[in-house]
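Have a look at the structure below before the remarks.
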């Protein structure tokens, strides 16, 4: 089977930072939207894009917390947005569209991981709803601004995408497993980027998914210390113990690279890691993208399901 998942010789690697990938790139006059852009990798992404001249909009569920986090960064503004609430998504998108601005870069960086079983909206599993469905609705509602900017959309996924889609029980109504639910949401992030790129490429919009690598951030707040010690991530004193883990600036580099790199012009729909287009996953070898996550049939199926659940599909509206 033909795959576009092969390296392009980016010149960067696992230890490259946001400053490395932005060297020589001027984003003046461009507007970026970074969900979760006030914590962890999102905050590093916000700092980097603003430092390169972009105007960065940080929509946040906890706006007061976001304002405190980004308050000292020039060129950044906050907005209200709860990805688990589709009315909140609609409100943010309508306000942004009313501003008349383009969305040149959209980075879906917000997410939750391994939370206890939680239901949102009409009973949706919270990780699938927040990490995928909220972002799906957001991008579709922002589509006119994204098209005007000829933008790039970056979906932040994870190596956990190998878990795949649980098509017979997407909402985990039969036996909740918090890690499998997280893995499904991350697979959905990859599939979303695949089909969005198919739909958007003819109007100049390209989409990418990325695995940032392993980084200790607030994303792990639902994991216990014992779990992280057992995984070898930290020691008994809570200090990072895995030398392969990245710093936040290194972890954010791949999503920034996917959003701005000139080397990716004319490309899209690919999964990236370590500031490079990833190769296919190989059994027993760390890294790469699993075939089910880039399968066009799976991607189209997820898009149709997501449109039905959220009631939003910019492309169906355009076709009428």
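The values are calculated or read from the model by the stated rules, or taken from the named source; none is laboratory data. Since this is a predicted model, take the numbers as computed values, not measurements. Here the Cβ positions follow ideal geometry from the backbone for every residue, glycine too, while neighbour counts run over all protein chains shown.
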TODO: Please tell me if residue 3 is more than 16 Å from residue 258 (Cα to Cα) and loosely packed, with under 14 Cβ neighbours inside 10 Å.
DONE: yes
Open item on the list: So if I check each of 310, 254, which one is crowded, with 18+ Cβ neighbours inside 10 Å, touching a strand residue (DSSP E or B) at 6+ places or on another chain (Cβ under 6 Å) and modelled with pLDDT of 95 or more?
Closed with: 254
Open item on the list: Between a residue in segment 166-178 that is on the phi > 0 side of the Ramachandran plot and surrounded by fewer than 15 Cβ atoms within 10 Å (Cβ to Cβ) and any residue that is part of a loop (DSSP other than H, G, I, E, B) and modelled with pLDDT under 95, which pairs come within a Cβ distance under 6 Å, given they are 6 or more apart or on different chains?
Closed with: none
Open item on the list: Scan segment 32-50 and tell me whether some residue there is in a loop (DSSP other than H, G, I, E, B), in contact (Cβ under 8 Å) with a residue 60 or more places away in the chain, closer than 23 Å to residue 193 by Cβ and in contact with a strand residue (DSSP E or B) (Cβ under 7 Å, 6 or more places away or on another chain).
Closed with: yes
- [ ] Search segment 268-302 for residues being closer than 26 Å to residue 17 by Cβ and surrounded by fewer than 17 Cβ atoms within 10 Å (Cβ to Cβ), and hand back the single one that is nearest to the chain's Cα centre (by Cα).
- [x] 287
Open item on the list: Would you confirm, using the coordinates I've provided, whether residue 111 is in contact with a strand residue (DSSP E or B) (Cβ under 9 Å, 6 or more places away or on another chain), assigned to a loop (DSSP other than H, G, I, E, B), within 24 Å of residue 248 (Cα to Cα) and at pLDDT below 95?
Closed with: yes
